[in-house]
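Q: What follows is a single structure, and I will ask about it in a moment.
The values are calculated or read from the model by the stated rules, or taken from the named source; none is laboratory data. Being a predicted model, the structure only gives us computed values, none of them experimental. In this analysis, Cβ positions are derived from the backbone assuming ideal geometry, glycine residues included, and neighbour counts consider all displayed protein chains.
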Amino acid sequence: MIDCLERQPTSDRNARPAGVLALVLMLLMLLMLAGCASAPRLDDTTRAAVAPRVLLDDVPFHGQRDYQCGPASLAMALQHDGVETDVDSLIPQVFTPGREGSVQPEMLATVRRQGRIPFVIEGRLDALLTEIDAGHPVVVMQNLSLPAWPVWHYAVAIGYDLEAREMILHSGMEAQRVESFRPFDATWARSDRWAFVALSPGELPATISPQAALQAIGDFEGVRGAEAALPAWEALSSRFPDHAMAHFALGNARHTAADLEGAISAFRDAVAADASLAPAWLNLGLALESAEHRAEALEALERAAALPGRWQERSREALERVRKE
Amino acid sequence: MMKKICRFLSPLLIAALVLGSLPVAAAPAPAGGMITTQDALSAERAQSDRERIHAVLARDDVRDQLVAQGVDPAEVEARVAALSDAEAAQMAERLDQMPAGASVVGALFAVFVILLVTDILGLTNVFPFTR
């Protein structure tokens with residue numbers, strides 16, 4: 001192509017843009033090939049843990065209309081989890097006309113409005129396949145094009161085949177579209193491998209870390225209230241019995257649901273898991289006080305007031321108040 | 001002249017803004033004095049009061065931006081309410097540049113050619129007819 005360019009008369013103005021374009025194109029190719037053409041690899045542990053071939057064929061399919069892969073993907077994932085909704089009622093909740101699309105935070109927010117908890121999973125093919133293997137369809141974000149001219153797209157990953165190295169997705173107008181691991185991962189990587197599952201309170205993703213789960217359930221609780229989140233906290237504290245914050249959150253939710261004895265027991269589990277968790281000692285003390293166990297309440301409040309940090313002031317005040325009573 | 005006005009107005013503006021944000025900073029403790037899960041979590045992330053004020057203001061901002069982007073005003077309130085603080089802050093900052101899933105190509109011819117080649121190489125996936 002460079003030879004061709006040199007044979008053109010230099011006065012020919014049309015040749016230059018074409019030549020520049022050709023050069024840019026070749027440079028781009030080189031960059032791309034060097035940058036991200038490596039095939040995605042799976043951990044051996046994942047390979048051993050998941051079924052070699054999975055297809056969640058009970059996930060309903062909705063073909064997207066113009067620009068509306070967001071609401072369509074949400075409808076598929078939510079209906080699979082038993083939510084009675086459809087694409088038309090989801091469009092006004094998530095679609096942004098000015099952007100001709102749906103943005104990520106609002107995808108998650110819409111899941112909350114429908115009474116399900118959105119868990120953003122770890123951005124790795126291993127996590128994605130493990131979730132599908134656990135029966136959870138995963139909404140993924142892809143950039144089908146190159147970073148310079150993005151074509152952002154949501155699809156629902158519903159299956160895979162390790163042998164053939166293929167993903168199966170409900171995507172756009174196509175049900176059960178087959179994409180090889182390599183192009184799928186290349187397009188998924190451009191969204192920083194963003195993916196989430198939408199689950200009923202009480203169900204947890206197969207791969208989630210306790211911190212990520214705490215955040216996801218806490219955000220859900222902020223929108224839908226403690227009683228809606230209660231089953232999720234129960235599930236989290238039994239999945240991670242050593243995680244003090246999970247027991248603490250469970251105690252708060254039980255307290256809001258007027259289960260005082262349950263709350264006290266959860267706060268006790270929290271301080272047993274981490275004796276330096278001041279908010280748990282404080283809440284335990286206050287719950288014991290409401291249950292009229294004054295001596296034990298004082299004991300817990302003393303522990304809270306002895307711990308330095310952000311809550312010390314508040315703990316001391318509570319301790320003073322209970323002592324005076 | 002302008003400088004004089006500015007010199008006079010700036011302290012007033014600063015005072016007004018500071019006073020305006022005070023009620024948010026001094027949010028009342030919940031009944032019974034219990035620490036909520038959300039408070040404990042944000043303390044764990046060392047979120048300062050300033051950030052929490054920011055989160056409150058961010059929601060107003062997102063509300064305005066969504067209306068400007070053509071969302072039905074009757075829907076905006078519920079949409080903003082379903083966002084977490086972090087999500088609201090993120091949207092307030094950059095709603096107009098955020099990736100929005102849509103999947104329609106407005107293609108120039110040159111882009112078309114490049115994407116066709118990258119599609120065939122398996123680097124992109126714009127055209128359904130390439131696998």
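Q: Which one of A:220, A:184, A:196 is more than 16 Å from the chain's Cα centre (by Cα) and closer than 24 Å to residue B:98 by Cα?
A: That would be A:184, the only listed residue that is more than 16 Å from the chain's Cα centre (by Cα) and closer than 24 Å to residue B:98 by Cα.
Q: Just to be sure I understand the filter: pairs with C-beta atoms under 8 Å, separated by 6 or more residues or on different chains, first member in the range B:73-87 and farther than 15 Å from residue A:107 by Cβ, second member part of a helix (DSSP H, G or I) and at pLDDT below 90. Which pairs pass?
A: If the second residue must be part of a helix (DSSP H, G or I) and at pLDDT below 90, the pairs left are B:85/B:42; B:85/B:52; B:85/B:55; B:85/B:58.
Q: May I ask you to verify whether residue A:191 is hydroxyl-bearing (Ser, Thr, Tyr), free of Cβ contacts under 8 Å to residues at least 24 places away in the same chain and within 12 Å of chain B (Cβ to nearest Cβ)?
A: So residue A:191 fails the test.
Q: Check whether at least one residue in the range A:256-273 is part of a helix (DSSP H, G or I), of a type in the set (D, E, K, R) and facing chain B (nearest Cβ under 10 Å), and report yes or no.
A: no
Q: Going by the conditions given, is residue A:109 at pLDDT 95 or above and in contact with an Asp or Glu (Cβ under 8 Å, 6 or more places away or on another chain)?
A: When the stated conditions are applied, residue A:109 passes them.
Q: Also, I was wondering about something else. Checking residue A:156 against (1) of a type in the set (Val, Ile, Thr); (2) in contact with a His (Cβ under 8 Å, 6 or more places away or on another chain); (3) within 11 Å of chain B (Cβ to nearest Cβ), which test does it fail?
A: With (1) of a type in the set (Val, Ile, Thr); (2) in contact with a His (Cβ under 8 Å, 6 or more places away or on another chain); (3) within 11 Å of chain B (Cβ to nearest Cβ) applied to residue A:156, the lone miss is (3).
Q: Only one of A:186, A:148 is outside any strand (DSSP E or B), in contact with a helix residue (DSSP H, G or I) (Cβ under 9 Å, 6 or more places away or on another chain) and within 21 Å of residue B:95 (Cα to Cα). Can you tell me which?
A: Of the residues listed, the single one that is outside any strand (DSSP E or B), in contact with a helix residue (DSSP H, G or I) (Cβ under 9 Å, 6 or more places away or on another chain) and within 21 Å of residue B:95 (Cα to Cα) is A:148.
Q: How about the range A:145-158: which of its residues are in contact (Cβ under 8 Å) with a residue 60 or more places away in the chain and under 14 Å from residue A:77 (Cβ atoms)?
A: Across the range A:145-158, the qualifying residues are A:154, A:155, A:156, A:158.
Q: Show me the helices (runs of 4 or more DSSP H) entirely contained within the range A:54-133 in which 2 or more residues are basic (Lys, Arg).
A: A:104-113
Q: Would you call residue A:178 of a type outside the set (S, T, N, Q), free of Cβ contacts under 8 Å to residues at least 24 places away in the same chain and surrounded by fewer than 19 Cβ atoms within 10 Å (Cβ to Cβ)?
A: yes
Q: So, one more: Quick one: which of A:318, A:280, A:304, A:297 is under 17 Å from residue B:43 (Cβ atoms), more than 37 Å from the chain's Cα centre (by Cα) and in the same structural domain as residue A:250 (by TED's automatic domain parsing)?
A: From the options A:318, A:280, A:304, A:297, the qualifying one is A:318.
Q: Now for a separate question. Any chance you could count how many residues in the range A:68-114 are more than 17 Å from residue A:143 (Cα to Cα), in contact with a strand residue (DSSP E or B) (Cβ under 8 Å, 6 or more places away or on another chain), within 7 Å of another protein chain (Cβ to nearest Cβ) and without any contact (Cβ under 8 Å) to a residue 60 or more places away in the chain?
A: Counting residues in the range A:68-114 that are more than 17 Å from residue A:143 (Cα to Cα), in contact with a strand residue (DSSP E or B) (Cβ under 8 Å, 6 or more places away or on another chain), within 7 Å of another protein chain (Cβ to nearest Cβ) and without any contact (Cβ under 8 Å) to a residue 60 or more places away in the chain gives 2.
Q: Oh, and also: Check residue A:250 against each of (1) in contact with a Gly (Cβ under 9 Å, 6 or more places away or on another chain); (2) buried (at least 18 other Cβ atoms within 10 Å of the Cβ); (3) in contact (Cβ under 8 Å) with a residue 24 or more places away in the chain and name the one condition it does not meet.
A: (3) is the only condition that residue A:250 fails.
Q: Let me ask something else about it. Looking for something among the aliphatic types (A, V, I, L, M) and facing chain B (nearest Cβ under 9 Å) - is there at least one such residue anywhere in the range A:316-325?
A: Among the residues of the range A:316-325, at least one is among the aliphatic types (A, V, I, L, M) and facing chain B (nearest Cβ under 9 Å), which makes the answer yes.
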